[in-house]
Amino acid sequence: MTSIGLLRDKLRARGTDQAAAIPADSIQLDRLMALTACLITFGLFIDGWAHNHGQVDDSFFTPWHALLYGAVGLAGLVLVLTHFRNVSRGCRWTRALPAGYTLSLIGFFAFGAGGLADMLWHEAFGFEEGIEALISPSHLYLALTGLLIMTGPIRSLWRRESDGSWGSVAPIVLCFTAVTSVFTFFNAYAPIGGDLIVLTGLRPEPHSLHDVAGIVPFVIQSNILLGALLFMTRRWQLPFGAITLLLVLNSLLMTWYRVGESGEFIYALSAGAVGLLCDSLYQRYGFTDTKRLRVFAFIMPFTFSLGVMFMTHILGTSVWGSGGLWWLIHMWLGVPVLAGAFGYGLSLLMRQPAIE
């Protein structure tokens, strides 16, 4: 075989390898997609804010929907442009996105189809009211496909090590904050906020339904947040402030889209205090020791619930004018213990007991 033939074969082999290879990981793409995940979450919450504050009517075409779908469209544009750029560089059509992002691109097109389905659903069955909007199958489908888009950076970065600095884990923290806030949004039938006014003032008789209205949000909300933290720390070393950022941003979003009185934003103060406590414990002890992991998994939801109860007491006496928390010690201490017990259970799922 001539030297020209050998050169031609080498070039063909190189072209085949390039077409078969997945594009290299890109921290720039991770950061950009993490930002779009935050925009999608903001679009979701501003739509929820509009519904809770009487800013929408029975119409699919609203400026609030436009913000949400615009954020999804921006994420799709980033993915499509990245895809075609890599195809032009020789990547195979079906392998033109970095690892973790093909599912995000599928989610983008599925979300578009879901938007059409949601519009047809409204035409067929009318518009949802209250909690119905959180449980509607078309909305749950949109949430699922939106999460496929938003979790691209998590899937991508899961394959790579990080040095624990903010520069390397910022996309992770932002994505988890956005994704976790979507989960708490769709659990807003058990909210932390103005609805807790039922726990303030004079103790009603009977009070069983009021007790349930308090127990459920404290246990669910705190453990959704804990689940996100445990999942993150299973793979990455987090810098100081990451836990605080997640808790505070989530608290601000969950308060803002339901807020009746501006004073309700003090819930972010308790979230910040719990976040700083958890950041300090995590940085000092880490989770390499299973016993310390178990303690952390109890302390986080326990202190989070206790902090929310304290803020509710302040709001009742100083903002709502209804009076302080009427729960007796059986409830105001027992509910945080229950939340902590659920957190302890989550730690067992994360790290099973050793077999002696």
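Helix 267-285 against the longest principal axis of the chain: what's the angle in degrees, Cα atoms only, rounded to the nearest 10? So the helix axis and the longest Cα principal axis differ by about 60 degrees. Please identify which residues in segment 275-296 have an amide N closer than 20 Å to a label point set 7 Å out from the Cα of Ala354, following the Cα→Cβ vector. Flagged as within label range: 285-296. For segment 174-237 versus segment 65-122, the spacing of their alpha-carbon centroids is 31 Å.
Fewest-first ordering of Trp93, Trp236 by other beta carbons within 10 Å of each residue's beta carbon gives Trp93, Trp236. For the pair Arg95 and Leu140 in one chain, pulling the backbone fully straight at 0.36 nm per residue adds 13.3 nm over the alpha carbon distance.
Using the Cα centre of the chain as the reference point, and only Cβ charges (+1 on K/R, -1 on D/E), how large is the resulting charge dipole? Debye, rounded to the nearest 20. Don't skip to the end; give the middle numbers.
Numbers: 21 positive and 22 negative charges, 410 e Å.
My answer is approximately 1960 debye.
Please give the FRET efficiency for Glu132 paired with Asp289, using the beta carbon to beta carbon distance and R0 = 56 Å, rounded to the nearest 0.05.
Values: r = 46 Å, r/R0 = 0.82.
It comes out at approximately 0.75.
The slack between Val319 and Ser165, meaning 0.36 nm per residue of separation minus the straight C-alpha distance, is 51.4 nm.
Under a 5 Å amide H cut-off, with hydrogens placed 1.01 Å from N, Thr200 pairs with Trp326 among residues at least 5 apart or on other chains.
For Tyr141, Tyr282, the sequence from fewest to most other C-beta atoms within 10 Å is Tyr141, Tyr282. For segment 25-163, the normalised intensity computed at q = 0.18 Å⁻¹ comes to -0.98 (log10 of I(q)/I(0), Debye sum over alpha carbons, equal scatterers, no solvent).
Could you give the dipole magnitude of segment 38-136 about its Cα centre, charging the beta-carbon of Lys and Arg +1 and that of Asp and Glu -1, in debye to the nearest 20? Mind showing how you got there, number by number?
Numbers: 4 positive and 8 negative charges, 227 e Å.
Approximately 1100 debye in magnitude.
Compared with the dominant principal axis of the Cα atoms in the chain, helix 208-235 is inclined by about 30°. By other beta-carbon atoms within 10 Å, ranking Leu142, Leu225 with the fewest at the front produces Leu142, Leu225. Descending by average beta-carbon neighbour count within 10 Å, the peptides 104-115, 243-254 line up as 243-254, 104-115, the highest first.
Seen through its C-alpha gyration tensor, with square-root eigenvalues sorted a ≥ b ≥ c, segment 131-170 comes out prolate because a/c lies at 1.5 or above while a/b is bigger than b/c. Relative to the longest principal axis of the Cα atoms of the chain, the long axis of helix 137-150 makes an angle of roughly 60 degrees. Counting only DSSP H runs of at least 4 residues, each contributing -39500 (n - 2.57), and dividing by the residue count of the chain, the helix-based mean residue ellipticity at 222 nm comes to -24000 deg cm²/dmol. For the chain, the square roots of the Cα gyration tensor eigenvalues, ordered a ≥ b ≥ c, give a/c of at least 1.5 with a/b no greater than b/c, which places it in the oblate category. Tell me whether segment 123-245 comes out rounded, prolate or oblate; compute the Cα gyration tensor, take square roots of the eigenvalues as a ≥ b ≥ c, and use a/c under 1.5 as the rounded threshold. Oblate, since a/c reaches 1.5 and b/c is not below a/b. Projecting the Cα atoms of Tyr285, Gly146, Gly260 onto the dipole axis of the chain, where Lys and Arg carry +1 and Asp and Glu carry -1 at the beta carbon, places Tyr285 farthest toward the positive end.
Viscosity 1.567 mPa s, temperature 4 °C: what is the translational diffusion coefficient of segment 190-356 from Stokes-Einstein with a Kirkwood Rh over Cα pairs, rounded to a whole number of µm²/s?
79 µm²/s
Each reported figure results from applying straightforward, stated rules to the coordinates on display, with no laboratory input. These numbers were taken from a predicted model, which means no experiment stands behind them. Counting neighbours? That spans all protein chains shown, and the Cβs are built from the backbone with ideal geometry, glycine included.
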